[in-house]
Structure formats: C-alpha cells, structure tokens
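Please read the structure below before turning to the comments.
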Amino acid sequence: MDSTAKDKIQPILLPGSSCPGPEWPEQERAEQLARGAALKWASGIFYRPEQLARLGQYRSREVQRNYFLEARIKTSQTLAPLREHVVQHKQLQVLTQLLPRLQAVPAAVTHTQTLIDTQRFLEAYVSLRELEQLQEEAWTPLGGLELPIFQGLGLLAEALCQAVEAAAGAAGRLAREDPALLVAALRVAEAETERTILGQTPRDWRQRCLRALQEGLDRAHFSSPALPEPGALAGWLEALQVALPAELATAEALVAPCCPPNYNVVQLWAHTLHSGLRRSVQQLLSGPELGAADTFALLHWALHVYMGKEMMGNLELGPEVDVSQLQPLLTPENIEQLETAFVAQVQVSVAQWLQKALDGEVAEWSRQQEPNTDPSGFYHSPMPAIVMQILAENIQVTSLISDSLHRRVHDTALSELGVFLRSFSDALIHFSQDHLRGEAPHYVPYLLAAFNHQSALSSSLSVLLPDGEASGVLAPIEAALDDVQKRICRLVLEALQAELQPLFASLPSRQWLLSSELLDGVCEQTSHFCQDFWRVRKPAVQLLLAEAERTVVLQYLRALMQGRLVCRGADERTQAAERLGHDAVQLKELFLGLGLEESAHCAPVLLALRELFSLHDPTLLGLEVAGLRQKFPDVSEDHVSALLDLRGDVSREHRQAALSSLQAGPPPSPSSGRRALFSLVPTPTPSLSSCLPSGPCS
C-alpha cells in the first residue's frame with residue numbers, strides 16, 4: 001500500500017480520545033466504601049471505652065495503609081500512555097481487518113458514479129449502500145471518527161438522488177419509452193426513504209421525487225417562455241386542450257403502473273396540471289391587458305371548455321380526477337375584470353367599424369353617378385347589412401360566454417348604434433349644405449337611398465333582440481331611426497319646395513283663372529322630382545308620396561292666402577271655383593299616377609274651398625265656413641278672412657257673420673282624422689321653412 005492510501009485510511013487519534021470519562025471508574029465507589037468502613041470502626045471505638053487504649057496503634061496502622069494506597073495511585077498514573085496505545089492498537093487492528101475493503105473504496109466510488117451516469121440506478125444504489133455499510137462498520141470501532149476516504153459518499157448519494165429526480169421529472173416520457181428506468185428510479189427512492197443511516201438525518205427521496213414529478217409536468221406545459229404572445233392565446237389554449245387530456249391519459253395508462261399506489265398518480269397529475277395552468281392564467285392577467293380576441297378565447301375556454309367533457313370533466317379519466325376539488329381557473333374578480341375589459345374593447349371596435357361604414361357611405365354621396373340599385377331596381381347600399389352584421393355578431397358571440405356579458409355587450413351595441421344614427425343624421429345636414437353650395441350632383445337620389453337604408457335597419461332590428469326580451473328594449477333605437485327618417489323626408493321635401501316655390505309665385509292670378517298652364521308646370525315639375533320615388537321600398541315610398549302631395553297642397557294654400565288676386569265679379573268667382581276643382585282632380589291624378597294610395601290624399605281640401613267660391617249668396621257663407629271647419633279643424637279666422645278677400649264680394653256684415661259661424665258651429669267630428677294643413681299656412685306671408693309640414697317628416 002502506498003503512503004497516500006495509508007494517509008487516507010489512517011484515523012487521526014487524539015490523546016485520551018478513546019478513554020472518555022474518569023481514568024478509574026471504580027475509584028469513587030471504593031472511596032465511598034472506605035469512608036463507610038472507617039465510620040463504622042470509629043463508632044465501635046467510641047462506644048467501647050476499653051478500646052481507647054489501642055487508638056495509637058490504629059492510627060499508626062492507618063497511616064501505613066495510606067502510604068501504601070498513595071504509592072499504588074502514583075504507579076497507575078504512569079500506565080495512561082500504555083492504555084492509549086492499547087486503544088490505538090485495537091483501532092489499527094480493525095483497520096487492518098477492513099484494509100482490503102477500504103483499499104477498494106476509491107474504485108467503488110468511481111464505479112458507482114459511472115453507474116449513476118449510465119442510469120443503472122439499482123446497481124448504483126446497491127454499490128452506494130455497500131460503501132455506506134463499510135463506513136458504518138469503520139465508524140463504531142473508531143469511536144465516531146470519520147475516515148477521509150469516506151468524505152465523498154455524501155456527494156455520491158446526492159448525485160444518485162438528483163439522477164433519480166431527473167428520471168421522475170421525465171416520468172411521462174420514460175413511461176412511454178423506458179418504463180423500466182422509471183420503475184428503477186422510484187424503487188431506489190422508496191428504498192432510501194425507508195432506511196435510516198447511522199449518524200445522519202433521514203433522506204426522504206420519495207418527497208423529492210414527487211416534487212420532481214410535479215416540476216417536470218409544470219415545466220413541460222407552463223414554463224414562462226411557453227406563455228403565449230399577444231394574439232396567440234387561442235392557439236395556446238387549443239394546444240392545451242389536446243395536451244392536458246393526453247397527459248392525464250398517459251398518467252393513468254402508463255405512469256401509474258410504474259409508481260407505488262400511494263403516489264395517487266392520476267390525482268397528482270390532475271392537480272399539478274391544474275395548478276400550473278391556474279398560475280399561468282394569473283400571470284397572463286397580471287401582465288399587459290389582453291386584446292379582445294384573447295379575452296374572449298380565455299373566458300370561453302376557462303368557463304366552458306376546460307371543465308367540460310372534452311377535458312377535466314371527461315368521465316373516462318376515472319374518479320381520481322375529482323374536478324369538484326379543483327379551484328376555478330378564474331375567480332369572480334378575474335371574470336369581472338375580463339368582461340369589463342372585453343366590453344370596453346368591443347365598444348371601441350364597434351365604434352370604429354361603424355364609423356368606417358358611415359365614412360364609406362358618405363363618400364358615395366359625392367359621386368358623379370346615381371346610387372347603386374339591387375336587381376329589383378331599388379336603391380341599395382351594403383351599409384345597413386354591414387352595420388347589422390357588426391352588431392349582431394358581437395352580440396351573438398357573447399352568448400357563448402355568459403348571460404351577464406351577453407347583456408352588457410348587447411347594451412353597448414345598441415348604444416353605439418344610437419351614436420351611429422346621430423352621426424348619420426349629422427352627415428345628412430352636411431350633405432344638405434353641400435347641396436346648397438351646388439356640390440351634391442345627385443342629392444335627392446342619395447336621400448332616397450338613405451331612406452332605404454333606414455328602412456333596412458328598421459326591419460333588421462329584431463336580430464338585435466335577445467331571446468325572451470320584450471321589444472321595448474329597442475324603443476330608443478326605433479325612436480332614433482324614426483328621427484333619422486323624418487330628417488331624410490324633411491330634406492327631400494325642402495328640395496321639392498325649393499323647386500316649386502317659383503312656380504307658385506303666379507298663383508292665384510288672372511292667368512291661373514283662365515288656363516291650367518300654371519298648375520301644369522307644377523305637376524310637371526313635381527312629376528320630374530318624384531320620378532325616382534319608386535326606387536324607395538314600401539312602406540317608405542307611400543310616406544314620401546303622401547308628404548310630397550301634402551307639400552304641394554300646402555304651397556297651393558299658401559299662394560291662395562297671399563292676396564294676389566281679388567275676383568272682380570261672379571264670373572271670376574265661378575272661374576276660381578272651377579279652377580280649384582280642376583286643380584284638385586289634376587293633383588289627384590298626378591299622385592295616383594306616381595303610386596300614392598287613395599287614402600293618403602290631401603287634395604280634397606281644394607274641393608272644399610271650391611264651395612266657398614261657387615256659392616252665389618254671401619248670406620250662406622256662414623254655413624260653408626262651418627262645414628269647412630268640420631272637415632279641417634285647424635282652419636283659422638285669418639285663413640277664412642283671406643279666402644273671403646279672394647271672393648271680392650263679401651261685405652263687412654257678411655264677413656262678420658261668416659267668422660262668427662266659425663266659432664259658433666258644432667265642434668269638429670273626431671272621426672275626420674285629418675292631419676293639420678291650415679295651421680301650417682300662416683298669414684301674412686311666411687318664410688320658406690315655416691311652410692314645411694309637421695308630422696312624419698317634421
């Protein structure tokens with residue numbers, strides 16, 4: 001044996017280290033016995049006076065005995081080095097007996113490390129235990145002294161434990177590829193957990209393996225670099241939807257048979273995967289705000305997919321996977337946070353899309369050609385369909401998440417639709433201003449097209465009504481649509497009135513009495529203006545035609561009230577009556593030809609006025625005026641007075657009587673159902689805007 005090996009084997013012995021405690025263990029007891037004997041002897045001397053004479057002899061004898069004992073004690077102290085050499089001899093004797101095995105320790109350590117490196121865990125563990133057994137055999141005789149040759153065993157044991165942990169961390173892969181290796185690693189961990197090593201704390205390798213199993217799973221699926229980038233969350237969740245059930249199936253079919261039953265592998269897998277997923281979700285929520293698509297994907301997946309039959313609720317996983325024991329992926333606070341963020345993002349997105357649709361529509365208005373038409377010839381634009389598609393899709397898709405989110409997005413969508421309609425109405429005002437500046441070459445056709453847009457939106461509102469909800473929730477939107485439709489109608493009528501106003505400047509007049517030329521011009525201009533009304537879908541086209549006829553009649557009445565003509569005799573009054581009748585028929589035929597329904601006509605007012613002019617006896621004017629009020633309750637004294645001025649033959653008394661009958665006559669019949677006409681024709685001459693009709697278009 002070389003000197004180096006001898007140094008490693010040789011223990012370090014300290015003087016007296018092998019003799020703990022007193023040098024003579026019997027000394028104290030012997031001293032106690034001696035004291036007792038002396039006391040007993042002394043008692044006898046003092047109780048027997050005859051013995052006192054011999055006290056000197058006893059003293060002399062005890063002195064000699066003390067000298068003898070002290071001499072023996074001095075002789076024993078010189079033997080201490082000898083005893084120490086005896087102990088060292090015994091230790092060297094033990095080392096000599098263990099020497100062949102101790103000489104093999106370095107090679108055994110190297111061999112064990114090789115076994116560990118090549119993942120021959122059972123052989124490595126047997127070798128490690130043999131080395132540790134040899135260490136124990138040498139430890140006791142040496143009084144607990146550590147031989148330097150054994151100092152690397154702790155590191156060797158740790159290396160084996162780490163290798164076993166690494167195998168446990170790859171349990172899923174090893175269960176498929178090399179189950180024997182996994183079984184060997186876990187057998188080593190279990191064996192070591194149940195063993196107690198002299199002088200060392202217990203090594204609980206089982207717990208370290210369980211932690212390694214969990215950390216390996218977590219690392220494989222939820223390590224930080226694996227968290228999805230913005231916009232990629234849906235793909236990440238889809239991958240987990242495949243990977244997690246596959247991992248659980250592997251655990252049940254392959255990993256569990258390789259592990260002790262007390263590992264509860266399937267339950268451990270389920271809880272570990274769930275905890276890792278939950279932690280990853282919380283990390284996502286604590287980071288930058290998710291986009292709308294990612295927020296929706298996470299809400300839908302966490303609330304409906306994850307706990308469903310496709311994943312954790314799969315009955316094939318067995319009772320070990322008790323989903324009722326798992327914490328929810330998303331807390332109520334998380335859900336509220338995500339829903340609030342999603343609604344805000346949807347609001348921004350919907351507002352942007354609606355504005356984009358509106359901008360595209362407004363851009364069409366300045367084109368040098370008329371609006372597009374559908375196969376039936378009606379003016380058509382994709383805008384209404386785009387608007388409803390944007391709103392409906394955002395509302396419908398949220399029904400897949402929760403009722404609360406569905407309701408919030410529905411309310412948001414309706415709110416944005418209201419904003420859109422107000423913006424559309426404002427755009428119409430700007431369009432009318434462009435028209436006045438001569439910058440809208442096809443002004444009326446695009447207004448008619450807008451009429452169709454609003455009708456299409458109105459007819460499609462039902463798709464925005466949630467199931468089971470009363471239609472009253474749409475009332476604000478219906479009112480907004482009605483307002484926009486009225487604005488469109490009003491702008492159309494303003495354009496018609498602007499074209500007709502010069503033509504009515506010569507009515508009434510002598511030329512009007514003698515010829516239909518003036519009204520022919522009015523009818524021709526009206527017909528030309530309304531020629532494209534048929535491109536508006538029902539029922540809006542009927543509203544437009546009725547309001548157009550009403551506008552023409554109002555212009556007619558306004559012209560009559562201006563006092564431009566006074567009949568100079570019965571002949572002119574007869575001509576005026578005939579002209580009123582002729583004009584009433586001509587206007588009726590005009591609008592019937594344009595498609596207006598009979599029930600909507602306002603022209604009969606001219607026939608009622610004809611009676612005022614055809615009456616030859618002025619004393620009967622009171623009856624006619626009372627009848628006029630019955631048919632048209634909004635006729636006023638100013639209107640009647642202007643019409644009487646037009647007759648030219650009404651005296652002050654007859655005028656007063658006629659006006660008195662206006663107030664004294666029976667109240668108007670409630671069944672007349674006529675809309676206001678005369679109240680929209682002020683006297684004296686009103687401004688242009690004051691003659692516009694109220695009602696559907698005002």
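Taking helices (runs of 4 or more DSSP H) that do not extend beyond the range 589-667, which have at least 3 residues that are basic (Lys, Arg) and over 22 Å from Glu572 (Cα atoms)? I'd like the intermediate steps shown before the answer.
Working: elements: 604-614, 621-631, 637-647, 652-664.
In the range 589-667, no matching helices (runs of 4 or more DSSP H) lie anywhere.
Being among the hydrophobic types (A, V, I, L, M, F, W, C), farther than 22 Å from His435 by Cβ and surrounded by 15 or more Cβ atoms within 10 Å (Cβ to Cβ) narrows it down to one of Leu405, Leu400, so name that one. Before you say what the answer is, go through the steps one by one.
Working: Leu400 fails: surrounded by 15 or more Cβ atoms within 10 Å (Cβ to Cβ).
When all the criteria are applied, what remains is Leu405.
I need the full set of residues from the range 379-397 which are surrounded by fewer than 18 Cβ atoms within 10 Å (Cβ to Cβ) and of a type outside the set (S, T, N, Q), in order please.
Of everything in the range 379-397, those that are surrounded by fewer than 18 Cβ atoms within 10 Å (Cβ to Cβ) and of a type outside the set (S, T, N, Q) turn out to be Pro382, Ala385, Ile386, Ala392, Glu393, Val397.
Determine whether the range 566-587 contains at least one residue that is within 29 Å of Asp645 (Cβ to Cβ), open to solvent by less than 10 Å² (accessible area, probe 1.4 Å) and in a loop (DSSP other than H, G, I, E, B).
Yes, the range 566-587 contains a residue that is within 29 Å of Asp645 (Cβ to Cβ), open to solvent by less than 10 Å² (accessible area, probe 1.4 Å) and in a loop (DSSP other than H, G, I, E, B).
Just to be sure, is His639 touching a Phe, Trp or Tyr at 6+ places or on another chain (Cβ under 8 Å) and at pLDDT below 85?
For His639, the condition - touching a Phe, Trp or Tyr at 6+ places or on another chain (Cβ under 8 Å) and at pLDDT below 85 - is not met.
Return the residues of the range 248-273 that are farther than 15 Å from Ala168 by Cα, touching a residue at least 60 places away in the same chain (Cβ under 8 Å) and of a type outside the set (A, V, I, L, M); say none if nothing qualifies.
Hit for the range 248-273 is Glu252, nothing else.
Within the range 108-134, take every residue that is open to solvent by less than 30 Å² (accessible area, probe 1.4 Å) and more than 58 Å from the chain's Cα centre (by Cα) and give me the one that is farthest from Glu215 (Cα to Cα).
Applying the filter and picking the extreme gives Leu134.
Give just the number: which of (1) among the hydroxyl-bearing types (Ser, Thr, Tyr); (2) in contact with a Phe, Trp or Tyr (Cβ under 6 Å, 6 or more places away or on another chain); (3) free of Cβ contacts under 8 Å to residues at least 60 places away in the same chain does Ser459 not satisfy?
Here Ser459 clears every test but (2).
Just one of the numbered conditions (1) touching a residue at least 12 places away in the same chain (Cβ under 8 Å); (2) under 30 Å from His453 (Cα atoms); (3) not in a helix (DSSP H, G or I) is not true of Cys530; which one?
The one condition Cys530 does not meet is (3).
Contact list please: Cβ distance under 7 Å, first residue in the range 75-100 and of a type in the set (Val, Ile, Thr), second residue open to solvent by 50 Å² or more (accessible area, probe 1.4 Å) and modelled with pLDDT of 70 or more, pairs at least six apart or on different chains.
From the range 75-100, the pairs are Val94/Pro141.
Take Leu160 and decide whether it is open to solvent by less than 10 Å² (accessible area, probe 1.4 Å), closer than 29 Å to Leu244 by Cβ and modelled with pLDDT of 75 or more.
no
Only residues in the range 578-600 that are at negative phi and of a type in the set (Phe, Trp, Tyr) count as the first member; pair them with residues that are surrounded by 21 or more Cβ atoms within 10 Å (Cβ to Cβ) and part of a helix (DSSP H, G or I), Cβ under 8 angstrom, at least 6 apart or cross-chain, and list the lot.
Phe591/Leu545; Phe591/Ala548; Phe591/Glu549
The values are calculated or read from the model by the stated rules, or taken from the named source; none is laboratory data. Remember, it's a predicted structure, so these values are computed and weren't measured experimentally. When we count neighbours, we look across all protein chains shown, and the Cβ atoms used for this are built from the backbone with ideal geometry, even at glycine. Remember, those area values only see protein heavy atoms, side chains included, never the ligands or the DNA or RNA. Shrake-Rupley method; radii C 1.70, N 1.55, O 1.52, S 1.80 Å.
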